[in-house]
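Notes for the one structure printed next.
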2 protein chains.
Amino acid sequence: MKDLPLSKVYQLLEPGPVVMLTTARKGRANVMAMSWHMMVEFEPPLVACVVGSAYSFEMLRATKECVIAIPARKLASKVVEVGNSSGRDIDKFESFGLTPLPAKNVGAPLIKECFANLECRVSDTREVNRYSMFILEVVKAWIDPDQKRPKTIHHHGYGNFVVDGEAIRLKSGMR
Amino acid sequence: MKDLPLSKVYQLLEPGPVVMLTTARKGRANVMAMSWHMMVEFEPPLVACVVGSAYSFEMLRATKECVIAIPARKLASKVVEVGNSSGRDIDKFESFGLTPLPAKNVGAPLIKECFANLECRVSDTREVNRYSMFILEVVKAWIDPDQKRPKTIHHHGYGNFVVDGEAIRLKSGMR
């Protein structure tokens, strides 16, 4: 895993990939699948997300730390298995062959198989009770240089996904 | 344009497409490009979005109504033009050949060329001052039945986009 400047984090999350969110507490790590996230600020990168999974929600609220791990196409079936199960019942890392790696600044693990990992701290909990929405600050970002041009996946509901296709470049002054 | 059940709105926005947001006030309509949005609730569909464009921000805050219009691949260059200009200076609909259509429940216009249009009312402004974040309720959704399997576009920053590619279906209990 290689450092990614924090100023580039939005380029990973803005296009709306399915991500995985890891948490850890009292020696137990967990992981959920998540599509309800958006950028809120470029730098420091702030990310809003709605955490609908009860077990991860509890761990995130208690520890205020997590990792957003971004999977490419080849992990799609594992992402679905992660989304279809609860960390209360099983160790999802072990069950689905995902490898936890220690993060630098947070207690939650990185996922080795993901092409990007974002270490996050909860920076604002004001909308947690109303919408299960956390505002996260990305404090450290990692990218796997061995995964060239990873194709991310986008969820359309009920296990229907669209994979990244053609890349196009248009002249834009917009960041 | 054909009715779309509100329960299916999330399937359009969850995958993270670039959208356009229209507003209207005192006989003037405007449109901006937007990628910072996410679903917050399935039904009624609630959508959080960060409105970074000053002119649209003012209009949305004043009128509390907007339309989220979702463009397919063929509109990509127009979306960039919309994002690169300000409605203070020009009529973007006229300048870029976008056709405003009257909405049913809000004052902001639909965009005829987009394959989906979501009429929205602002339902929560508590995070507007801090993050420019509005919570919108989708009150009416339209789909263009003539645009079959539209491919959406996803922004990676600075005019770099990825177009929807391969569709895959995996067995999932997740909505």
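Miscellaneous remarks
- Net dipole in debye of segment B:109-175 [+1 Lys, Arg Cβ; -1 Asp, Glu Cβ; about Cα centre; nearest 20]: 260 debye
- Amide hydrogen proximity for B:Asp124: with H placed 1.01 Å from N in the peptide plane, the residues at 5 or more positions away or on another chain lying under 5 Å are B:Ile135.
- Each other residue within a Cβ distance under 12 Å of B:Leu46 adds +1 if Lys or Arg and -1 if Asp or Glu, for a net charge of -3.
- Length released on extending from B:Glu166 to B:Asp146, taking residue separation times 0.36 nm less the Cα-Cα span: 5.1 nm
- Under the convention that each Lys and Arg Cβ holds +1 and each Asp and Glu Cβ holds -1, the size of the dipole of chain A around its Cα centre is about 160 debye.
- Neighbouring partner chain Cβ atoms per residue of A:149-156, average, 10 Å criterion: 5
- Helix content alone sets the calculated 222 nm mean residue ellipticity of chain B: runs of n ≥ 4 DSSP H residues at -39500 (n - 2.57) each, divided across all residues, give -4000 deg cm²/dmol.
- HN-Hα J in Hz across segment B:102-116 - Karplus 6.51, -1.76, 1.60, θ = phi - 60°, x for Gly and Pro: x, 7, 8, 10, 10, x, 6, x, 6, 10, 4, 6, 7, 7, 9
- Under 13 Å, Cβ to Cβ, from A:Phe161 - net charge with Lys/Arg +1 and Asp/Glu -1: +2
- For segment A:65-70, 3J(HN,Hα) computed residue by residue from phi via the Karplus equation (6.51, -1.76, 1.60; θ = phi - 60°) reads 9, 7, 10, 9, 10, 10 Hz, glycine and proline entered as x.
- A:Glu58 label point (Cα plus 7 Å toward Cβ) to equivalent points in the other copies: 5.0 nm, shortest first.
- Per residue convex hull volume, Cα atoms of the protein assembly as shown, in Å³: 122 Å³
- Each copy carries B:Glu166; placing its label point 7 Å along the C-beta direction from Cα gives inter-copy distances of 1.8 nm, listed from smallest up.
- Axis-proximal residue, chain A, for the rotation superposing A on B (Cβ, Å): A:Gly16, 1
- Residues whose amide H falls under 5 Å from that of B:Leu170, counting only those 5 or more places apart or on a different chain, are A:Asn160, A:Phe161, with hydrogens built in the peptide plane.
- Position B:Pro5, label points 7 Å along Cα→Cβ, spacing to each other copy in nm (shortest first, one decimal): 4.8
- Local electrostatic count, A:Ser7, Cβ distance below 10 Å [Lys/Arg +1, Asp/Glu -1]: +1
- Using a Gaussian network model of chain A in which every pair of alpha carbons under 10 angstrom is joined by a spring, one finds that among A:Lys26, A:Lys78, A:Lys151 the greatest mean-square fluctuation is at A:Lys26.
- Options B:Ala167, B:Val67, B:His155, ranked by Cα towards positive dipole end of chain B, top entry (Cβ charges): B:Ala167
- The HN-Hα couplings worked out from phi for segment A:26-41 by the Karplus form 6.51 cos²θ - 1.76 cosθ + 1.60 (θ = phi - 60°) are 6, x, 10, 10, 9, 8, 10, 9, 8, 10, 8, 9, 7, 6, 10, 8 Hz, whole numbers, x standing for Gly and Pro.
- Buried surface for the A/B pair, taken as the accessible area of each chain alone minus that of the pair with a 1.4 Å probe, is close to 5200 Å² in total.
- Top of B:Val79, B:Val18, B:Val40 by mean-square fluctuation, Gaussian network on chain B, Cα under 10 Å: B:Val40
- The spacing between segment A:61-87 and segment A:96-124, judged by their C-alpha centroids, is 10 Å.
The values are calculated or read from the model by the stated rules, or taken from the named source; none is laboratory data. Just so it is clear, the model here is predicted, and its values are computed rather than measured. Virtual Cβ from ideal backbone geometry, glycine too; neighbours counted across all protein chains shown. Note: areas computed on protein heavy atoms with side chains; ligands, DNA, RNA excluded. Shrake-Rupley method; radii C 1.70, N 1.55, O 1.52, S 1.80 Å.
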